[in-house]
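Data first, discussion second: the structure below is written as structure tokens.
The values are calculated or read from the model by the stated rules, or taken from the named source; none is laboratory data. Keep in mind it's a predicted model, so treat the numbers as computed, not measured. Here Cβ is always computed from backbone atoms with ideal geometry, including for glycine, and neighbour counts include all displayed protein chains.
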Amino acid sequence: MKRVLVFLALLSGAASTAAAKPLTESLLRCDSQFFNALYAEQAKFTHAAPLVKDNQGHAWFAPPKDNAGIVWFAQPVHLQQLTLSGYYTQQSDLDEFGKYFFWGWVIEESPQAVMAALPAAHWQSAGDDYITNAMIKRPGDSAWQVNNTAVSGIAPAKGSVEKLAMLSVTKGKTTLLCSLQGSVTEEILLPLRPDLTGGKK
């Protein structure tokens, strides 16, 4: 009986880890799958922050009322060896330099700990940051292409749109964010960001 209980405990732990994995790793894709995963795991955030849901299986955090860009969690959420203390969301329009959208986690652990918790990602050093899954859409492209020349802090060429996952430290906090930037249109933005539908862009 004791062996059975130990086995069930191990199985439960493995299931918990498997359930947490899609949410953290889905963010690295920088598309709507992250919002699907958040919907599937919404129970983990019951005591952290209010969620908004649609009828297509997406969930997202209600934006901060003070427009500060960060939804701080009332209680930290532990996922895949990481401690999530907030959700970052920010956007800006720099006219001829393009539109910029950022979304993702504020994490208590160091960037090195985040990379260790996400070993499947192919992180690349980019100055003081780390990036992965860099993609680009150039004029005329119907699908995203791998971007082997992505550089942190450099605006995309006119007419192009870039997206990537970025790991950095801001004001002493680690952030794991998606970045979508460049000549971003609604046609490109809304399939990736279901939270920005309804005229909010």
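When you look at ASN36, is it modelled with pLDDT of 90 or more and assigned to a helix (DSSP H, G or I), yes or no?
When the stated conditions are applied, ASN36 passes them.
List the number of the failed condition for GLY153; all other conditions in (1) under 16 Å from PHE97 (Cα atoms); (2) at pLDDT below 95; (3) surrounded by 11 or more Cβ atoms within 10 Å (Cβ to Cβ) hold.
GLY153 satisfies all of (1) under 16 Å from PHE97 (Cα atoms); (2) at pLDDT below 95; (3) surrounded by 11 or more Cβ atoms within 10 Å (Cβ to Cβ) except (3).
Given the residues ALA134, ALA62, which is the only one that is within 20 Å of LEU190 (Cβ to Cβ), surrounded by 11 or more Cβ atoms within 10 Å (Cβ to Cβ) and free of Cβ contacts under 8 Å to residues at least 40 places away in the same chain?
Every option except ALA62 fails the conditions.
Out of the stretch 85-117, which residues are small (Gly, Ala, Ser), part of a strand (DSSP E or B) and modelled with pLDDT under 95?
Answer for the stretch 85-117, where residues must be small (Gly, Ala, Ser), part of a strand (DSSP E or B) and modelled with pLDDT under 95: just SER92.
Out of all the residues in the stretch 30-42, which are charged (D, E, K, R) and touching a Lys or Arg at 6+ places or on another chain (Cβ under 9 Å)?
ASP31
Return yes when TRP72 is in a strand (DSSP E or B), in contact with a helix residue (DSSP H, G or I) (Cβ under 8 Å, 6 or more places away or on another chain) and hydrophobic (A, V, I, L, M, F, W, C) and no when it is not.
The answer is no for TRP72.
I'd like the full set of residues that are among the hydroxyl-bearing types (Ser, Thr, Tyr), in contact (Cβ under 8 Å) with a residue 24 or more places away in the chain and not in a loop (DSSP other than H, G, I, E, B), limited to the stretch 155-195.
SER168, THR174, THR175, SER179
Being under 21 Å from ASN147 (Cβ atoms) and of a type in the set (A, V, I, L, M) narrows it down to one residue among ALA113, ALA121; which is it?
After applying the criteria, what remains is ALA121.
Go through the stretch 156-190 and report how many residues are under 19 Å from SER110 (Cα atoms), of a type in the set (D, E, K, R) and surrounded by 11 or more Cβ atoms within 10 Å (Cβ to Cβ).
1
Of the numbered conditions (1) within 30 Å of LYS53 (Cα to Cα); (2) in contact with a helix residue (DSSP H, G or I) (Cβ under 6 Å, 6 or more places away or on another chain), ALA155 fails exactly one; give the number of that condition.
Result: ALA155 passes all but (1).
Search the stretch 116-142 for residues being of a type in the set (A, V, I, L, M) and under 14 Å from the mean Cα position of the chain (by Cα), and hand back the single one that is nearest to GLN81 (Cα to Cα).
By that ranking, first place goes to LEU118.
Please state which of the following conditions GLY69 fails to meet, knowing it meets all the rest: (1) buried (at least 17 other Cβ atoms within 10 Å of the Cβ); (2) modelled with pLDDT under 95.
The number of the failed condition is (1).
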